[in-house]
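S.K.: Dropping a structure here in structure tokens format, bear with me for questions.
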Amino acid sequence: MFGSDLNLALPTKSTQRGVSVVVKKKRNFELPIQRKRTVPLGTITEAWHVLRNCSPSSRKGPINERPRVYTVPIAIGKTMTAVNLDTGSSDFWVVSDLCKTTVCNSTNMPAYPSANVNLEGGSVVLSYGDSLTGTYAHGPVAQDIAAIAGLSMPQQVFAAISDTNNTGVTEGSNGIFGLGFPSGSRVQAAAINTKFNSSATTDDFVIGTADSGPLLSRITLSGSLEQPMFTVMLQRDVVDISGNNGAFTLGKLPDGIDNSSLTWVPVRLYKPEDGGLSPPTFAPNEVYPFRWEVPIEGVILDGQQLPASALSGTSATISALLDTGNSVIRGPADVVDSILKQVSSAFAANPKAAPTFSCSVPHNLAFQIGGKTFPVDPRDFMSQEIPRDATACIADNVVATDPPSRGALYSWSLGDPFFKSNLVAFYYGNLTYPSVDPPRIGFLSMVPNNADAIVQTIVSQAQANDGTFQSTSQVAPTNVCAKIGCQTIRVVRTLSREPTPPTPTTTTTKESSEIAPVPQKDVLSADIISGAPAELRHRVVRIYQPTRNTMQSGGAKGNRWRLDWDTLPGGGRWENPLMGWASSADYVQGTRLSFRSKEDAIHFAEKQGWDYYVQSPSPARIPPKNYSENFVYKPHKLRILRTK
């Protein structure tokens, strides 16, 4: 199930109960990405044979899938480390010092100390890959403060892995940072089940995302980002290292990229019968996203569209998973065989042979998404077969995968080669009510028009350079927070059992619906040093001019402005779960502040870091006071005056 087509992906306003509100001090960030080679060039052909020919029964131990991993710096507690970016999963985990497997011993990043593990309750077994390249990670669910870029999230749940064969844990990496949706998080499910001491309901799961959800989902729900989104663009690290610099941005598009230049496509929504999340009782008609999955209209190789796969599995719609944790492009076995046979005469003659071809002959693999074609750069399609040989290359970036099944309805998995050739923007939308602001993915091709000529040039250069192509490996810094300063996100637990759905923003000229302007200068919130309760920052305040007391005719105090806290349902007050009555525990429900002017009230709210909206006063209408006015002729309907 896919949503409707969306032309504009980045809204400029956010709404709450129909009144426009601005969350103060929203930010955006850009992180460097580490590129690390984990397989020597000489083992590429052997690794391809393992990927193609192994089966679950014949596999003995972990498989080193591909030669590249991409990581970002992150802090968990006092441990500064780096983790793999993975848009194909939703869980965040790091290796603890209790893990003694081969892959755990191969990392040079500091392990999370088991002595610091604050158990949240329960444990998880996380599975990755498909039936040919599956790996696992096992460990208890823990809790600690987590920091990425300039944001830190207190009481973040994660898995402290004590046993894994996942080869993502290699030199320069110590875990996985899942960027998927909360509905696919096993860590969140384990934490919430433990919290309620039973199998949690869907209501508990959806509401509990703000407390126990994936790290990036919690940051999104906190309102700390300019937009609920992130983007990924990977730098090419082999064959040719020129071009863009890989970056991971939070809350914005990369600098110089305009929203209108992207093609936005709705994310697939998973119904319960498809393996998705059941709707909660407070939103019975909602259908939630499960993976970063979009429909594709076709696959093109060297200008010719390939026939559709006959291995449709359980899904009649052809779709693709956008997965940075996948270092290759995976697709239906019959279509992949067709691709390899067209590019490699050796493979066409013998399907057990490696799909080799001439390095100087570029091949173009492309996917039709949202009515446009998004190619894979020929430099990302090819790999060097033998070290110091720039004549023979191998098409090892395309391999077969499992057909669609329940919970995994996609036919294709677009991994790192696709992300090196295209900028991909992931927009979460509204995680509680997807129908209000649906999730979507934006695409922008970064492949130059002369890509074929570039391939021929770099092959000629490699042949002149003793058959050696360019390659690079850069270490991502792990002290980003120390350099730019991390802002701690204050989290308020949602106490209302039924969140109030937001309403779409409508354009109006009334001041009561205007978005409060974000200050141009960075205002230091007073509550950071005043010790004010954190929950006050997530309460909406109203700024208005009170009406004159009807028992008096004087107007001495009529020019003052007042600030009070919004006490509407869903405004942050505690509600009795049985009757729904508002509790007197809301200590600000009777608090009012008076100011000489509207500007003073706005400045005070901004200084405190509060969300606010301004309600303009109604114009005063002074009725006629002269008794004779009742008998003056007026060109309207005849009035009947009754004297008795």
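S.K.: Packing-wise, with mean Cβ within 10 Å as the measure, how do 74-85, 439-450 rank, highest first?
M.R.: Descending mean neighbour count gives 74-85, 439-450.
S.K.: Now, a different point. When ranked by the protection proxy of mean other Cβ atoms within 10 Å per residue, highest first, what sequence do the peptides 291-298, 541-548, 318-325 form?
M.R.: 318-325, 291-298, 541-548
S.K.: Based on alpha-carbon centroids, what's the gap between segment 260-301 and segment 89-155 in Å, whole number please?
M.R.: Using only Cα atoms to place each centre, the spacing works out to 27 Å.
S.K.: Do the alpha carbons of any pairs in K252/K420; K100/K352; K252/K607 sit beyond 31 Å of each other, and which pairs?
M.R.: K100/K352
S.K.: Work out from phi, with θ = phi - 60° and the Karplus expression 6.51 cos²θ - 1.76 cosθ + 1.60, the ³J(HN,Hα) of each residue of segment 541-547, listed in order in whole Hz, and give x for Gly and Pro.
M.R.: Going residue by residue, I get 9, 10, 10, 8, 10, x, 6 Hz, with x marking Gly and Pro.
S.K.: What FRET efficiency comes out for the pair A349/T102, r = Cβ-Cβ distance, R0 = 41 Å, nearest 0.05?
M.R.: Working from the Cβ atoms, E equals 0.60.
Values quoted throughout were computed directly from the atomic coordinates according to the rules given, and no laboratory measurement underlies them. Not measured: the values here are computed from a predicted model. We place every Cβ from the backbone using ideal geometry, glycine too, and count neighbours over all the protein chains shown.
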